[in-house]
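**Student:** Below is one structure. I have some questions about it.
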Amino acid sequence: MKAQNSILSVLTVIIFGISCKYEKKIPPEHNQNYFGNENIAKMSYFKEITGKSGYDILKKQNDRYSAFYVNFKNTNDSKAGIFRFKKQSLDDKKNYRIVLYTFVNNIKKDSLEFYRNSIDSDYEPSEFTCVSYLDLKTNKVWQLKYFSSATDRSVNFVSYQKSSIINGVIKSDSLYYLDESLDVEMDKRNLYY
């Protein structure tokens with residue numbers, strides 16, 4: 001009987017320990033805020049999204065960005081410091097972008113398109129997306145731009161890069177991926193910021 005109680009106690013502790021570990025692991029993609037999703041900065045990120053489930057991962061990620069930014073008010077948050085985010089309407093209320101501005105001594109120094117999701121049914125793939133993540137500790141911005149199609153659930157990557165912000169100036173550090181033909185396609189569709 002003592003042996004059964006001991007085994008039962010050990011199993012209870014193991015199951016409780018596993019469930020506590022599981023509950024503590026809140027996926028980073030649920031930590032969406034106006035600084036973006038920190039998954040974009042992980043070295044394994046691009047490999048994950050270029051795999052079979054890439055379209056689904058990016059669709060969920062874009063849905064979170066869109067849900068967060070759809071009613072976004074411009075920010076001048078003190079925790080953002082020298083950074084300010086502004087929502088700009090494009091051709092209609094559905095198409096908008098979030099622009100990251102940098103300031104030094106309250107003077108605007110630089111900017112970059114931080115988030116954008118534009119749908120143009122005149123083209124296929126019809127959807128263009130730009131998602132970014134700002135790491136406040138390192139003043140780095142990771143950015144991914146891509147075209148996608150819900151019709152065939154495909155993703156065509158334009159670029160994946162990291163930029164540094166030094167004295168308010170945004171400079172590209174590392175270009176991890178660039179498809180020059182899609183870069184030209186962005187120009188044809190007037191998607192450059």
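Every read-out reported here was derived from the displayed coordinates using simple, explicitly stated rules and does not represent laboratory data. Bear in mind the structure is a predicted one, so any value in this text is a computation, not a measurement. Backbone-built Cβ (ideal geometry, glycine too); neighbour counts: all protein chains shown.
**Student:** For region 139-183, what D do you get in µm² per second when you plug the Kirkwood radius from alpha-carbon pairs into Stokes-Einstein at 10 °C and 1.306 mPa s? Display every interim value, and only then the final one.
**Tutor:** Details: Rh = 11.7 Å.
Calculated translational D: 136 µm²/s.
**Student:** With 17 Å as the cut-off, how large is the P(r) tail for region 116-193, expressed as percent of Cα-Cα pairs? Don't skip to the end; give the middle numbers.
**Tutor:** Numbers: 1441 of 3003 pairs.
When all Cα pairs of region 116-193 are counted, 48 percent exceed 17 Å.
**Student:** Using the beta-carbon distance between ASN106 and SER174 and R0 = 35 Å, what value does 1/(1 + (r/R0)^6) give for FRET efficiency, to the nearest 0.05? If you can, show how the numbers build up before the last one.
**Tutor:** Numbers: r = 30 Å, r/R0 = 0.86.
With a Förster radius of 35 Å, E is 0.70.
**Student:** So which of LYS140/LYS188; LYS108/LYS162; LYS47/LYS162; LYS59/LYS137; LYS47/LYS140; LYS42/LYS188 end up more than 24 Å apart by C-alpha?
**Tutor:** On the way: LYS140/LYS188 29 Å; LYS108/LYS162 21 Å; LYS47/LYS162 16 Å; LYS59/LYS137 28 Å; LYS47/LYS140 20 Å; LYS42/LYS188 31 Å.
Check vs 24 Å cut-off fails for LYS140/LYS188; LYS59/LYS137; LYS42/LYS188.
**Student:** Same structure again: Return the whole-Å distance between the Cα centroid of region 105-132 and the Cα centroid of region 155-189.
**Tutor:** Their Cα centres are 11 Å away from one another.
**Student:** Give me the aspartates and glutamates in straight-line cross-link reach of LYS60: C-alpha distance below 19 Å, same-chain residues under 8 apart excluded.
**Tutor:** Answer for LYS60, where 19 Å is the Cα cut-off: GLU29, GLU38, GLU48, GLU127, ASP152, listed by chain and number.
**Student:** I would also like to ask the following. What FRET efficiency comes out for the pair SER154/SER181, r = Cβ-Cβ distance, R0 = 22 Å, nearest 0.05? Could the numbers behind the result be given before it?
**Tutor:** Details: r = 15 Å, r/R0 = 0.69.
Taking R0 as 22 Å, the efficiency between SER154 and SER181 is 0.90.
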